[in-house]
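What follows is a single structure, written as structure tokens, with notes after it.
The values are calculated or read from the model by the stated rules, or taken from the named source; none is laboratory data. Nothing here was measured: the structure is a model prediction, and the numbers come from that model. Counting neighbours? That spans all protein chains shown, and the Cβs are built from the backbone with ideal geometry, glycine included.
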Amino acid sequence: MLKLKKTQKVAPENKSNKEAITNRPQGITAKGNALHKIGGVALLTVLIPALLGFAYLALLREPALQEQQVDRVASSFALQQATNIHRLFARMKIRVQSAALSPLALSAIASKSESDLGLVEKAVLDYFPEVVSLRVIPIGDLGTADFSGGNRGLRNHIEVDLVRRASEGEETAPEAYQFEGRWLTSMAAQIKHPRIDDRWAVIIITLENDQLSRELESLESASGKFTLEQSYIGVDGKKRRHVIASSGSATAGVNTRFADVPDTPWRVSFSPSDALLGTLSINRTPLYIVLALVVLAAIVSASIILILFPQKLATEIDRVISASDQKSPFTLTIPELVSIAKQLRRATLRALRQSNSSSWDIPTPEVETIESPGPDPTNPLLQSKNIPAQDDEVLDLDLNLNADGSGAESSAGGEAPFPEHIFRAYDIRGDAQTELTDELVADIASAIGSIAGEMGEQSLIVACDGRTSSPRIKSALVRAIMESGRDVIDIGLVPTPLLYFATKHMSCRSGVMITGSHNPADQNGLKIVLNQQTIAADGIQQIRDRVIAGSFTTGNGRIIREDIVPAYMEEVLHDIAIAVPLKIVVDAGNGATSDIAPKLLEELGCEVERLNCHIDGRFPGHPPDTSNEENLADLARMVVEVRADFGVAFDGDGDRLVVVTPAGHIVRSDVLLMLYAQDVVSRNPGADVVFDVKCSRQLSKLITRHGGRPVLWKTGHAFMKEKMQETGALLGGEFSGHMFFGERWYGFDDGIYAACRLAEILSTHGESLDDSIASFPVTVSTPEIIIPVADDYKFELVEKIVNNADFSSGKVTTIDGIRVDFSNGWGLVRASNTGPALTARFEADTQENLEIIQDEFRAQIALIDPEIELNF
């Protein structure tokens, strides 16, 4: 019960206030019966739980029971036929092996005579009327199938591959394929002579898939449709299926169920027919009758109550009107009318005051305010411009907003005085003190925040490496991003791959990494990700133009701190499996990987020897550039001394790696990529592998030989990631040491993860790293050669070389600089994206041919610009 205090008044007129109120001003009308609606909603709120109970029974529970019954029956049908298919091939395999051990077959295998083998094939084929062909292929002295006389009558590469794998002792599964417009299935098995150890053969049989369709026929022909499906990996790396046999008739849908056929890449699907579904349906009529009765009772009850409620409400309103100018207190039983009563009393007193000159004592009624709860503090990223603190690390900027709360546009305009060369092909980089000033960093951050906001990205992740200039740049960057109206998630000092990982793992898809990468300690820069895309030349140019225009949004952003390291380590540990513990030397170069890389490898079970594994932005151990082999001398020495399985060096921010073998040899990145490609493509035939123009052409040959597709592309981590996404590639790599795994990982360059994958490969294959790369073709090649050229001239010079040099004796590629492939080697000259230089590299089959190729490049460049000092 709520009470209103009376107000004391002195009124000269004896006029009923009730009359004054009930005589409404002209223009006020009543529309609809709102009281009935409100009362109806209140009553339905009480009755809805009861109605939902019956609705649950009728609409959810009974359909769920029916669905369970359909699921049980359909799954049983699919499993039965999958078992039948499995038994068919199991029996056929036993029959084939029995026939192969007959005296006639053993004699032919022992002799390896073509005529004897032909007789065996014909004789055995008579015992297999369901088979369309049978071949017996001897295994040569080297333990592989003998195809010296051609393809032995095999139809295609699928049958050839079956025979090859069976000859190597691999248990093969039957495989189906289309041949001359019909589906066939082949299976192969190795057979050994029981008394002569070196007499082996592979027997391969083929049958038409009509046989499989007949096997799928059900005793009840109207029960539904069975299909036998074979899985395969498409060129885009996605799993796909072919229907290789079918029986019956029905439409696939939500009731289709599947069962895998053991020891095959097949599964059986069963789609029940309408007739079968009809027999499994449950009669819901009784439940609908009960539901109708409940609804009827609810309507009757609501109608009765709705008649009483308006009467009670009318009584309460009359009391409010009657007591609005009375001195005595009154009570209300409907609390929602209290505010109306207060407002009505104010209005009445105001009207009476205006009608006479008497004084009134009008106390202001006290109003209790119930504050609504604030935003959910556990989900800060969902609240625009209102992110609560985590770990008491909140910086709140009090900024001006428009009336609607949106960010205001400011336009400074004019030319911004900054060095043009810091805006590079795929990042922003320059001298930390003289070029990346606080003012310029703030403008760049404002541009990034403005562009992100226009893309619908409210939050940005920010991280930095361990350089001494990074904290200052980060402070200016964070403040400016928040002043642009964006929120910041600070993940601290981490390697660059962890920023990329954060954009995949967290709900925020954009971020900025403050890092100078492999550049000297006095350099620094920004790598930018917007909507999970590392921006390249066009995006960098857009930021530059926005800085010059000074057109930035403004707003009030907030900052929180997050620790991404545990999530990253957990995901890598879940993905990588080390079969045999390895001993690894880690040279972090005093960079951002100093803590996480050794710890992660130890968590994987490896023994780790640390070198330069404490973060120091001055890089006292050696410069952070892993492409300079002089910086790897200590690592190579230590690997040999401690007898490690391999050594790995990371650059300043951990997106590059270089590997050293147990013998102390530096593995160039294109050779390392061969090892990765051999592993990835072997599991994913037809997969694309992207690599840059600086890589050996032996890499392309290896990828093709293992069934992959080589894709040559521009140098640069942003360009590589764009190409990998475009092609759906499962692997990519640059000669500089960036490795990109699309298989099992996210496709960004990650030196730490690449080191873990190498450990997995070596521990699984059981070979040393030296032995693993010894099988690759040996060529004579140079490391990456740096030719100093002014930043504002390097691109112009390369363009002149491309347009005017005459390399008619070779194949010219100009996607990035100029690469010329000759019959005996190749050469490359391009403009560096990261420094004032040209980069060059050469490879040939002999030292003599290498010098010939270098001479030709020297001669052509001298014709274009004789002043350039070439150091090759």
- Item | Candidate set: segment 201-224, residues that are at pLDDT 85 or above and part of a loop (DSSP other than H, G, I, E, B); chosen: the one farthest from Ser186 (Cα to Cα) | Ser223
- Task: Test each condition in (1) of a type outside the set (Ser, Thr, Tyr); (2) under 30 Å from Val658 (Cβ atoms); (3) out of contact with any strand residue (DSSP E or B) (no Cβ under 7 Å at 6 or more places or on another chain) for Gly525 and report the one that comes out false.
- Result: (3)
- Task: Check Ser470, Ser475, Ser459, Ser517 and return the single one that is within 27 Å of Phe740 (Cα to Cα) and surrounded by fewer than 24 Cβ atoms within 10 Å (Cβ to Cβ).
- Result: Ser470
- Item | Qualifying positions in segment 439-451 - of a type in the set (Gly, Ala, Ser) and closer than 13 Å to Leu477 by Cβ | Ala442, Ala445, Ser446, Ala447, Gly449
- Query: Among the residues of segment 673-690, which ones are buried (at least 23 other Cβ atoms within 10 Å of the Cβ) and more than 21 Å from Gly234 (Cα to Cα)?
  - Reply: Leu673, Met674
- Task: Please give the strands (runs of 3 or more DSSP E) falling wholly within segment 713-818 in which 2 or more residues are farther than 26 Å from Asp587 by Cα and in the same structural domain as Gln847 (by TED's automatic domain parsing).
- Result: 785-788, 811-813
- Could you please tell me which pairs satisfy a Cβ distance under 7 Å, a separation of 6+ or placement on different chains, a first residue in segment 228-253 that is more than 17 Å from Arg267 (Cβ to Cβ), and a second residue that is aliphatic (A, V, I, L, M)? Gly237/Ala687; Gly237/Leu730
- Among the residues of segment 450-470, is any in contact with a helix residue (DSSP H, G or I) (Cβ under 8 Å, 6 or more places away or on another chain), assigned by TED's automatic domain parsing to the domain that holds Gln533, part of a helix (DSSP H, G or I) and over 29 Å from Pro624 (Cβ atoms)? yes
- Does Leu493 satisfy the condition of being under 26 Å from the mean Cα position of the chain (by Cα), at pLDDT 95 or above, outside the structural domain of Asp616 (by TED's automatic domain parsing) and surrounded by fewer than 24 Cβ atoms within 10 Å (Cβ to Cβ)? yes
- Message: Just to verify a result, which residue in segment 481-494, among those that are of a type outside the set (Asp, Glu) and in contact with a Gly (Cβ under 7 Å, 6 or more places away or on another chain), is nearest to Val565 (Cα to Cα)?
- Response: Leu493
- Being at pLDDT below 80 and aromatic (Phe, Trp, Tyr), is that true of even one residue in segment 175-196? no
- Query: Does Ile703 qualify as being assigned by TED's automatic domain parsing to the domain that holds Ile818 and closer than 26 Å to Gly827 by Cβ?
  - Reply: no
- Task: Go through (1) farther than 30 Å from Ala275 by Cα; (2) surrounded by fewer than 21 Cβ atoms within 10 Å (Cβ to Cβ); (3) touching a Leu at 6+ places or on another chain (Cβ under 9 Å) and name the single condition Gly181 misses.
- Result: (3)
- Any residue in segment 214-222 that is over 24 Å from Ser273 (Cβ atoms), in the same structural domain as Ile109 (by TED's automatic domain parsing) and of a type in the set (Ser, Thr, Tyr)? no
- Query: Would it be correct to say that Thr814 is surrounded by 15 or more Cβ atoms within 10 Å (Cβ to Cβ), free of Cβ contacts under 8 Å to residues at least 40 places away in the same chain and more than 30 Å from Ala577 (Cβ to Cβ)?
  - Reply: yes
- Members of segment 109-143 that are modelled with pLDDT under 80, part of a loop (DSSP other than H, G, I, E, B) and surrounded by fewer than 14 Cβ atoms within 10 Å (Cβ to Cβ): Asp126, Tyr127, Asp141, Leu142, Gly143
- Query: Say we look at segment 615-643 and pick out the residues that are outside any loop (DSSP other than H, G, I, E, B) and without any contact (Cβ under 8 Å) to a residue 12 or more places away in the chain; which of these is farthest from Pro581 (Cα to Cα)?
  - Reply: Glu630
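For every residue, the table says whether it meets (1) without any contact (Cβ under 8 Å) to a residue 60 or more places away in the chain; (2) not acidic (Asp, Glu).
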position: Ile785; (1), (2): no, yes
position: Asp791; (1), (2): no, no
position: Ala805; (1), (2): yes, yes
position: Ser808; (1), (2): yes, yes
position: Val829; (1), (2): yes, yes
position: Leu838; (1), (2): yes, yes
position: Ala844; (1), (2): no, yes
position: Asp855; (1), (2): yes, no
- Restricting segment 144-163 to residues that are among the acidic types (Asp, Glu) and modelled with pLDDT of 85 or more, the one surrounded by the most Cβ atoms within 10 Å (Cβ to Cβ) turns out to be Glu159
- Message: As an exercise: evaluate Leu828 against (1) under 16 Å from Val780 (Cβ atoms); (2) surrounded by fewer than 22 Cβ atoms within 10 Å (Cβ to Cβ) and give the number of the one condition it does not meet.
- Response: (2)
- Filter result for Ser246 (more than 21 Å from Gly118 (Cα to Cα), modelled with pLDDT of 85 or more and surrounded by 12 or more Cβ atoms within 10 Å (Cβ to Cβ)): yes
